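Peer 1: First the structure, then my questions, so here it is.
The values are calculated or read from the model by the stated rules, or taken from the named source; none is laboratory data. Computed from a prediction, not measured in an experiment: that's the story for all the values here. As a convention, Cβ positions derive from the backbone with ideal geometry for all residues, glycine included, and neighbour counts pool all protein chains shown. Protein only, heavy atoms only, side chains kept; ligands, DNA and RNA dropped before computing areas. Shrake-Rupley method; radii C 1.70, N 1.55, O 1.52, S 1.80 Å.
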Amino acid sequence: MADAVRRCLRKFLTFSGRAPRAELWKFALIFVAALTVCGMIERALGLPRLAVVSVEIPRTTFFASIREPLSAATLPLWALPLLSAAVRRLHDTDRRGMWLALVPASPVLLLVAGVLGAGMGVMPSLPMLLLLACLPALAVTALLAAPSRPGPNRFGPDPLDVLA
């Protein structure tokens, strides 16, 4: 676990090469654990959220909150190493890192579907909107969980061969 975290932190600006499946998922687990601990500390100290934003369309209101101060400071420290590890992980499956662009497309799809539906007078159901919003992120998660391509590929040598 510690080796995977060290590798991801050491390669935080390396968007070339390959990363094995375990390296990404161990680092992601530590990332989620760090944010959880930050959230627990913030709630224990009673720290307020930095901002709450709402978008209203007919019959539906979407809320987004900007994290508490400790989480807001922690998130950027871990986000870049996680992003670079995800790109290297996609390379390990012989896919380009641009597949990660689907993840920020999720809320955009949600907003577009809601606005178009409201404009046409037919509001999509909330479960349908949530499914539409989650599909791109689920597709990227499936790609990140896909098995490695054995042997060298266009992105470099097999990381499991290099680590052995």
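Yes or no, residue by residue, for (1) of a type in the set (Gly, Ala, Ser); (2) open to solvent by less than 80 Å² (accessible area, probe 1.4 Å); (3) assigned to a helix (DSSP H, G or I):
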site: Asp94; (1), (2), (3): no, yes, no
site: Ala101; (1), (2), (3): yes, yes, yes
site: Val112; (1), (2), (3): no, yes, yes
site: Ala118; (1), (2), (3): yes, yes, yes
site: Gly121; (1), (2), (3): yes, yes, no
site: Ala137; (1), (2), (3): yes, yes, yes
site: Gly151; (1), (2), (3): yes, yes, no
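Peer 1: Also, quick follow-up: Which members of the range 67-85 meet the condition of being over 24 Å from Glu23 (Cα atoms) and open to solvent by less than 20 Å² (accessible area, probe 1.4 Å)? Before the answer, list the steps.
Peer 2: Let us first name the residues in the range 67-85 that are over 24 Å from Glu23 (Cα atoms), namely 67-70, 72.
Within the range 67-85, Glu68 is the sole residue that qualifies.
Peer 1: Moving on to the next point. What about Leu83, is it modelled with pLDDT of 95 or more and part of a helix (DSSP H, G or I)?
Peer 2: Taking the combined requirement at face value, the residue does not satisfy it.
Peer 1: Using beta carbons and a limit of 9 Å, which pairs, at least six apart or on different chains, have the first residue in the range 128-151 and free of Cβ contacts under 8 Å to residues at least 12 places away in the same chain and the second one outside any helix (DSSP H, G or I)?
Peer 2: Close Cβ pairs satisfying both conditions: Pro150/Asp158; Gly151/Pro157; Gly151/Asp158.
Peer 1: Would you please name the residue that is surrounded by the fewest Cβ atoms within 10 Å (Cβ to Cβ), looking only at residues in the range 1-60 that are among the polar types (S, T, N, Q) and at pLDDT below 85?
Peer 2: Ranking the candidates gives Ser54 first.
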